[in-house]
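Report on the following structure.
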Amino acid sequence: MTTGEETSQYRVWNALNSEEEIDQFQLLEQKIDKLITTIKSLKTERESLNEKLQIQEEKLTDLTREVEGLKSGRDKARQRIVSLLEKIEQIEG
């Protein structure tokens, strides 16, 4: 090979390598952009799920209080019924 041909081939090879590097950088940039988008999406989803969780925990707390209130009311009603039955037995006895 002559020096002119070697220089020409070297330029072609360098041009191909440069294009490949640019393609690789573009590919890397696309992957990073996609990753950033995914991370933003996941953060938004996490915030939404945390809000939903907080709402559900508040509902659970309210329902737990309501159940406790109903149990207390039931126990008071039971005590009154027992008391009334005892009074009825005293009248009959």
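Read the figures in this text as sums done on the coordinates, not as results from a lab. What you see is a predicted model, and the numbers here were worked out from it, not measured in a lab.
What aspartates and glutamates sit close enough to residue 34 to cross-link, taking a C-alpha to C-alpha distance under 19 Å and skipping anything fewer than 8 places away on the same chain?
Partners within reach: 23, 45.
Under 28 Å from the Cα of residue 87, which lysines turn up, not counting those fewer than eight places away in the same chain?
Result set, ordered by chain and number: 71, 76.
Can you list, bin by bin at 10 Å, the percent of alpha carbon pairs in the range 43-93, starting at 0?
Bins of 10 Å from zero give 22, 22, 17, 15, 12, 8, 4, 1 percent of pairs.
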